[in-house]
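Q: Could you have a look at this structure, given as structure tokens, before my questions?
None of the figures in this text is laboratory data; all of them are computed from the coordinates on show. Worth saying up front: this structure is predicted, and the values here are computed from it rather than measured. Neighbour counts are summed over all protein chains in view; Cβ atoms, including those assigned to glycine, are modelled from backbone coordinates with ideal geometry.
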Amino acid sequence: MDRRTFLVSGAVVTVGVATGFNASAAQAGTHGHHPGNRIPRQALGAGFNRLVFSDDFDSLRTIDLAGTGRPGKLWYRDLPWNLETVPASSFTEHRSVLTIDQGVENFNWGLSTASSITKRGTAFVHGYYEARIRFDPADALTTKGWPSFWLYDAAYSIYFDQPDMVPTRFGEIDIFEAWHAENDTYLNEFIGSIKEWHKDVGAYSSSNGWYDTTADWKQWHKVGLLWEKNHAAWYLDDQPIIDVTWNTTGQSTPPASGPGEVPDGVFSILDNPRKGMVLILGTGNGFPMDVDWVRVWGGRRSKVITLRP
Ligand SMILES: [Ca+2]
């Protein structure tokens, strides 16, 4: 251990104590729990030390079940592009655990932090995103979609019906996807990737987004994403598993893949999305996902944007 490592470790411990970290709060349980104020080390290391968005799912009151899009909720269930809205009955809460059991197949989009009806809600730029989730992989055998936790360009989604407001290039960050082929076995992958979409062309994607896990997904696991300027990193139970860097002039590391030649500066769209990105939870029709909590950690170099029409 060199001095720098020691100092970094020391800082983590000091801050953890000051914010009242309780080790027992991080232990797995049979039902939902509150994680206290523990700041993940990887968030703290990037300067994201403030809880800027949080839902323990103690009830369904944070969800716009009525589907009005009125402000004051954390989650909305109306969808852009006239996609079929997920019925309110898809969301249940028991012992502080949200279960999303979608009755429709719609790109794994059940809830997002903004409404496309009223164009209100919350969007984000940079930060550390984490959720505690579980699901039964056996459900993959009879369904098309999959449990997902992701970020998508806010302007592209909420202004879908106002073409002059829709960006021609925009980003997507898949924090976690339990991808599987339709009606086929879930092979235990953690899919964590970034995409840069170009209108009428398609998406350029990071090429190292597949991570084989040994996790038992019927038990609780934490999935996490660090998103900062020129860098994204994915975490499973606080262990780093995937990492991508980019810049404004060259190719990303590792190189991206996509339609035709990958443009220089690929992924730099993620450095400053105009309206930020909305956070999305969802799954396939017939592939329920349990969510104990969702947290977003921010700081001086991140933004939380209150969306208005
Ligand atoms: Ca909970």
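Q: Considering only lysines 8 or more places apart in sequence, or on different chains, count the pairs in the range 195-309 whose C-alpha atoms sit under 26 Å apart.
A: Pairs that pass both the separation and distance tests number 11.
Q: Let me ask you something else. Given Cβ point charges of +1 (Lys, Arg) and -1 (Asp, Glu) and nothing else, what value in debye, to the nearest 20, does the dipole of the chain about its Cα centre take? Don't jump to the answer; show the numbers that get you there.
A: Details: 28 positive and 35 negative charges, 300 e Å.
Result for the chain is approximately 1440 debye, rounded to the nearest 20.
Q: For a protection proxy built on the mean count of beta-carbon atoms within 10 angstrom, sort 248-257, 136-145 highest first, please. Intermediate values should be presented prior to the final figure.
A: Details: 248-257: 14.2, 136-145: 17.6.
Most protected by this proxy first, the peptides run 136-145, 248-257.
Q: Which peptide among 74-86, 268-280, 54-66 comes first, and what is the full order, when sorted by highest mean count of other Cβ atoms within 10 Å? Before the final figure, lay out each step's value.
A: On the way: 74-86: 18.9, 268-280: 22.2, 54-66: 16.8.
By packing density, highest mean first, the sequence is 268-280, 74-86, 54-66.
Q: How far apart, in nm, are two points set 7 Å out from the Cα along the Cα-to-Cβ line at residue 212 and at residue 138?
A: 2.5 nm
Q: Oh, and also: Using alpha-carbon pairs under 8 Å, 6+ residues apart, how would you state the relative contact order of the range 244-288 in percent? Kindly include the intermediate steps, with their values, before the conclusion.
A: Numbers: 35 pairs, mean separation 14.1, N = 45.
Once divided by the residue count of the range 244-288, the mean separation gives 31 percent.
Q: Distance between the C-alpha centers of the range 141-176 and the range 291-309? Whole Å please.
A: Value for the Cα centre distance between the two parts: 17 Å.
Q: Let me ask something else about it. Would you kindly state how much longer the chain becomes between residue 199 and residue 166 on full extension, computed as 0.36 nm times their sequence separation minus their alpha carbon distance, in nm to one decimal? It would help to have the intermediate numbers written out before the result.
A: Values: separation 33, 0.36 × 33 = 11.88 nm, distance 0.98 nm.
Stretched fully, the residue 199-residue 166 segment lengthens by 10.9 nm.
Q: What FRET efficiency do you get for residue 61 and residue 251 if R0 is 51 Å and r is their Cβ-Cβ distance, rounded to the nearest 0.05? Intermediate results must be reported in sequence, preceding the final value.
A: Working: r = 46 Å, r/R0 = 0.90.
Given R0 = 51 Å and the Cβ-Cβ separation, E is 0.65.
Q: Here is a further query. For the range 129-273, what does the relative contact order come out to in percent, with C-alpha contacts under 8 Å and a separation of six or more?
A: On the way: 322 pairs, mean separation 32.9, N = 145.
Here the relative contact order equals 23 percent.
Q: Related question: Percent relative contact order of the range 175-234, based on C-alpha pairs within less than 8 angstrom and at least six residues apart? Walk me through the numbers before you get to the answer.
A: Values: 72 pairs, mean separation 17.5, N = 60.
Relative contact order here is 29 percent.
Q: Counting each DSSP H run of 4 or more residues in the chain as -39500 (n - 2.57), what helix-only mean residue ellipticity at 222 nm follows after dividing by all residues, to the nearest 500 deg cm²/dmol? Numbers along the way, then the final one.
A: Numbers: 3 runs with 26 residues, N = 309.
Value at 222 nm, helices only: -2500 deg cm²/dmol.
Q: Considering only 75, 289, 215, whose Cα is most displaced toward the positive end of the charge dipole of the chain, charges sitting on Cβ of Lys, Arg (+1) and Asp, Glu (-1)?
A: The residue sitting farthest along the positive end of the dipole is 75.
Q: Checking the a/c ratio against 1.5 first, then a/b against b/c, what shape does the Cα gyration tensor give for the range 49-307? Display every interim value, and only then the final one.
A: On the way: a/c = 1.40, a/b = 1.15, b/c = 1.21.
It comes out rounded by the Cα gyration axes.
Q: Still on this structure: Can you tell me the FRET efficiency between residue 50 and residue 70 if r is taken as the Cβ-Cβ distance and R0 is 25 Å, rounded to the nearest 0.05? Intermediate results must be reported in sequence, preceding the final value.
A: On the way: r = 27 Å, r/R0 = 1.07.
About 0.40, to the nearest 0.05.
Q: Let me ask another. Which whole-angstrom value gives the distance between the alpha carbon centres of the range 180-205 and the range 273-288?
A: 13 Å
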